[in-house]
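Read the structure below first, then the notes.
The values are calculated or read from the model by the stated rules, or taken from the named source; none is laboratory data. Nothing here was measured: the structure is a model prediction, and the numbers come from that model. Cβ coordinates were reconstructed from backbone atoms using ideal geometry, including for glycine residues, and neighbour counts include every protein chain displayed.
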Amino acid sequence: MPRALAGVALVLMLAGCQGPQSVAQKKPATAQSVTLQAKDVPSMQRCDASGDLDTVLQREKSSDPKSYDINYYQWGLWKREGATEGYLAVYGASTPDCAALSSRSSGAPTGGLVLGLVIKFKNAATAARIYAADAEFLGFGPTDLSFIRSTGGMVTTGPDTGLGAQSAVGSATVPGASYYFAFWQNKSFASDFLAYNVASTDAAKAVQDMNGRIN
């Protein structure tokens, strides 16, 4: 074997014998990697409303200017406070269910609809502070839990949710619809979840799947 090729073979052999330090490091979690994924809701399809928050807001600017003004201001405020990225993932049981999310829609989803909103902050302390402020964004917020309580639903907060000290989970059933909400802060992430007409066990699993991807 020529000396040059022998040298290459030796290098490759030694590289193959490296210890744990040669193992690729796990990539840091992002808002997009944490939020809802297709595998979390296997019976549903991804809706066009999904996207990073800057893209979502640009769509809202033309479809719902009034909500855009509020959400654009809130997102700008959070970015100044330390938000680095955000992602909204939406899945529906059918195309009409996805369309029901639009402000132009004529009614509520007839099947299931699930939304996951995740915002990543520069550090855990900032995420915890923003979570504690109870701010509403893109229609998500404490008013959702108030709605659950007002309809006789169940709300669990704190460590009993399984999502940490800063968390809340709730579910309710009203004529023709069921709801499941979850809000929580874990490390540098603040996450919101809403499921409409989805079994609570499936919704709870999707929430745990999201939380499990935070590293």
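Okay, here's what the table says:
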{"item": "Single condition ASP97 does not satisfy, out of (1) among the acidic types (Asp, Glu); (2) touching a helix residue (DSSP H, G or I) at 6+ places or on another chain (Cβ under 9 Å); (3) over 14 Å from PHE183 (Cα atoms)", "result": "(2)"}
{"item": "Criterion violated by SER106 - all others in (1) surrounded by 14 or more Cβ atoms within 10 Å (Cβ to Cβ); (2) among the polar types (S, T, N, Q); (3) at pLDDT below 80 satisfied", "result": "(1)"}
{"item": "Qualifying residue in region 42-55 (condition: of a type in the set (A, V, I, L, M), touching a Ser or Thr at 6+ places or on another chain (Cβ under 8 Å) and at pLDDT below 95)", "result": "yes"}
{"item": "Filtered residue count, region 106-152, keeping only those that are in contact with a strand residue (DSSP E or B) (Cβ under 8 Å, 6 or more places away or on another chain), among the hydroxyl-bearing types (Ser, Thr, Tyr) and more than 18 Å from TRP184 (Cβ to Cβ)", "result": "1"}
{"item": "Residue satisfying all of: in region 157-215; of a type in the set (Val, Ile, Thr) and surrounded by 20 or more Cβ atoms within 10 Å (Cβ to Cβ); farthest from VAL114 (Cα to Cα) among these", "result": "THR161"}
{"item": "Criterion violated by THR143 - all others in (1) surrounded by 13 or more Cβ atoms within 10 Å (Cβ to Cβ); (2) at pLDDT below 90; (3) in contact with an Asp or Glu (Cβ under 7 Å, 6 or more places away or on another chain) satisfied", "result": "(1)"}
{"item": "Test: residue in region 144-162 that is of a type in the set (A, V, I, L, M, F, W, C) and within 26 Å of LEU57 (Cα to Cα)", "result": "yes"}
{"item": "Condition met for ALA49 (under 18 Å from LEU194 (Cβ atoms) and assigned to a strand (DSSP E or B))", "result": "no"}
{"item": "Pair list, Cβ under 7 Å, 6 or more apart: region 144-155 residue among the polar types (S, T, N, Q), other residue in a strand (DSSP E or B)", "result": "THR151/ALA172; THR151/VAL174"}
{"item": "Output for region 23-41, where each listed residue is at pLDDT 95 or above and either of a type outside the set (Lys, Arg) or more than 18 Å from the chain's Cα centre (by Cα) (or both)", "result": "ALA29, THR30, ALA31, GLN32, SER33, VAL34, THR35, LEU36, GLN37, ALA38, ASP40, VAL41"}
{"item": "From the options THR110, THR126, residue that is under 26 Å from GLU81 (Cβ atoms) and of a type outside the set (Gly, Ala, Ser)", "result": "THR126"}
{"item": "Within region 182-200, considering residues that are part of a loop (DSSP other than H, G, I, E, B) and of a type in the set (A, V, I, L, M, F, W, C), the one farthest from GLY82 (Cα to Cα)", "result": "ALA199"}
{"item": "Members of region 71-94 found to be crowded, with 16+ Cβ neighbours inside 10 Å and aliphatic (A, V, I, L, M), listed by number", "result": "ALA83, LEU88, ALA89, VAL90, ALA93"}
{"item": "Where THR173 falls short, out of the listed (1) more than 26 Å from ALA83 (Cα to Cα); (2) modelled with pLDDT under 95; (3) not in a strand (DSSP E or B)", "result": "(3)"}
